[in-house]
Amino acid sequence: MESKYSVNLLPRAYRDLDGIYTYIAETLLEPGLGVKLAESLEEAIISLETMPRRGALRKTGVYANRGYRQLFVGNFTVMYRIEELRKRVFIVTIRYSKSHF
C-alpha cells in the first residue's frame with residue numbers, strides 16, 4: 001500500500017479558494033452552489049494524499065515544464081507540485097480553467 005502524502009495549501013491557494021466561494025455566494029448570489037463547489041475542490045485536493053501523481057504535468061502556460069501538475073475540477077484547475085522525498089504535495093493556486101495562465 002502506498003503511504004500517504006501530506007497536502008499543504010500555500011497562502012495563494014487559500015485566497016483562491018476563498019475568492020471562488022465569495023464570488024459565487026456574494027456576486028452571483030448562489031451560496032449553496034459556492035459551498036458545493038468549494039467542497040468538490042477540497043475533496044479533489046484531499047485525494048492527492050493517496051494519488052498525488054493523478055494530475056497531468058503542466059505543459060502550457062505560466063507553470064509549464066517546471067514539474068507542476070494540474071488537476072481539473074469542474075471549470076477550475078488546481079495547480080500543485082510534489083515533493084517526493086518528504087512525501088508532500090503543495091497546492092500552489094486554483095484558477096478558473098478558461099483564464100489563460
Review point. Name the residues in region 63-81 that are more than 10 Å from the chain's Cα centre (by Cα), polar (S, T, N, Q) and either under 12 Å from residue 96 (Cα atoms) or at pLDDT 95 or above (or both), would you?
Key: 75
Revision key, fill the gap. Exactly one of 50, 60 is of a type in the set (S, T, N, Q) and touching a residue at least 24 places away in the same chain (Cβ under 8 Å), and that residue is 50
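The values are calculated or read from the model by the stated rules, or taken from the named source; none is laboratory data. In this text the structure is predicted, and so the values were computed from the model without any measurement. Please note: Cβ atoms are built from the backbone with ideal geometry, for glycine as well, and neighbour counts cover all protein chains shown.
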